[in-house]
Amino acid sequence: MIHNYRWRLELAQGESKYDELEQRLAKGPVITVPAITLEGDANGAFHPPASAYARKFSGKYEHRLIPGGIGHNLPQEAPEAFAQAILDVDLMSKE
């Protein structure tokens, strides 16, 4: 995990086999598949508001704010809401 933070801050090298993919992702391509983004109501990590990135989704899209003092580790802190989002996005893909 420490290496991941160093890599994201450009303080360490990443895996060179992913360089081409990283370059493509750095361009911020539009996400065309159905998607649900989640945010805990107590997420103390820096992040832009959902409205700032909503336009990056051209397919079916929904943003959910998860209440109850939930931070940024939703699979651990809100497993039910996380699992429900997976089920719901699967349904969205079949509509």
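The values are calculated or read from the model by the stated rules, or taken from the named source; none is laboratory data. What you see is a predicted model, and the numbers here were worked out from it, not measured in a lab. Cβ sites come from the backbone with ideal geometry, for glycine too, and all protein chains shown count toward neighbours. Quick note on the areas: whole protein, heavy atoms, side chains included, nothing else; ligands and nucleic acids left out. Shrake-Rupley method; radii C 1.70, N 1.55, O 1.52, S 1.80 Å.
For region 21-30, filtered to residues that are at pLDDT 90 or above and assigned to a helix (DSSP H, G or I), the residue that is least open to solvent (accessible area, probe 1.4 Å) is L21.
The residues in region 69-95 that are open to solvent by less than 70 Å² (accessible area, probe 1.4 Å) and not in a helix (DSSP H, G or I) can be counted, and the count is 5.
Among the residues of region 4-20, those that are over 18 Å from N73 (Cβ atoms) and either of a type in the set (G, A, S) or open to solvent by 100 Å² or more (accessible area, probe 1.4 Å) (or both) comprise R6, L9, E10, L11, A12, Q13, G14, E15, S16, K17, Y18, E20.
For region 42-68, a tally of residues being open to solvent by less than 70 Å² (accessible area, probe 1.4 Å), closer than 17 Å to I31 by Cβ and more than 13 Å from the chain's Cα centre (by Cα) returns 2. Of the residues making up region 1-30, those that are without any contact (Cβ under 8 Å) to a residue 24 or more places away in the chain and among the hydrophobic types (A, V, I, L, M, F, W, C) are M1, I2, W7, L9, L11, A12, L21, L25, A26.
A count restricted to region 54-91 and to residues that are touching a strand residue (DSSP E or B) at 6+ places or on another chain (Cβ under 8 Å) and closer than 15 Å to A35 by Cβ stands at 15.
The number of residues in region 31-68 being free of Cβ contacts under 8 Å to residues at least 40 places away in the same chain and either part of a strand (DSSP E or B) or on the phi > 0 side of the Ramachandran plot (or both) comes to 12.
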